[in-house]
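Accompanying notes for the structure given below.
The values are calculated or read from the model by the stated rules, or taken from the named source; none is laboratory data. Being a predicted model, the structure only gives us computed values, none of them experimental. No Cβ is skipped: glycine too gets one built from the backbone with ideal geometry, and neighbour counts run over all protein chains shown.
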Amino acid sequence: MDEKPKKRTLRPDRIPVAERSPLERVEDFREVPLGYTLDQARDEADRCLNCKKRPCKRGCPVGIDCGGFVDRVSKGDIKGAVKLVKEKNLLPAITGRVCPQAEQCEGPCLVGKKGTS
Ligand code: SF4
């Protein structure tokens with residue numbers, strides 16, 4: 001199933017991730033960010049320009065196809081997106097928290113060079 005890549009225009013600003021309020025957070029050690037809804041995740045993923053040379057992938061130490069991941073999210077294929085990441089990384093819930101994304105995958109991202117990746 002080879003879908004023609006979506007033509008995208010540059011939207012430089014990141015959609016902010018909702019967070020629990022500090023007043024709520026002082027009561028426990030639960031996760032601070034609330035994450036995106038599926039619609040927000042797809043809108044955010046639509047910011048990707050689907051670059052042919054995938055500079056984001058070159059920035060990832062384990063070579064995750066970040067652009068491919070984002071493209072699947074954009075299409076609402078969350079299971080496919082997770083499967084793609086797990087081909088290279090068996091602990092994405094951990095690396096997603098500890099990787100310095102700003103320097104790795106997001107550093108060379110073309111969207112980031114124009115705004116916030
Ligand atoms: S470098 Fe950025 S814009 Fe290009 S494919 Fe990767 S995530 Fe998308």
Which numbered condition Ser74 misses (of (1) under 21 Å from Asp13 (Cβ atoms); (2) small (Gly, Ala, Ser); (3) exposed (fewer than 13 other Cβ atoms within 10 Å of the Cβ)): (3)
Pick from region 77-117, criterion modelled with pLDDT of 95 or more and of a type in the set (Gly, Ala, Ser), ranking: farthest from Glu31 (Cα to Cα): Gly80
When residues of region 24-76 are limited to those that are over 14 Å from the mean Cα position of the chain (by Cα) and among the basic types (Lys, Arg), the one nearest to Ala102 (Cα to Cα): Arg58
Residue list for region 24-57, filter: within 9 Å of the ligand (Cβ to nearest atom) and either exposed (fewer than 13 other Cβ atoms within 10 Å of the Cβ) or in contact (Cβ under 8 Å) with a residue 40 or more places away in the chain (or both): Arg47, Cys48, Leu49, Asn50, Cys51, Lys52, Lys53, Pro55, Cys56, Lys57
Selected residue (only one of Lys86, Lys75 is more than 9 Å from the ligand (Cβ to nearest atom), in contact (Cβ under 8 Å) with a residue 60 or more places away in the chain and not small (Gly, Ala, Ser)): Lys75
Residue within region 81-92 that is surrounded by fewer than 17 Cβ atoms within 10 Å (Cβ to Cβ), out of contact with any Ser or Thr (no Cβ under 7 Å at 6 or more places or on another chain) and small (Gly, Ala, Ser) present: no
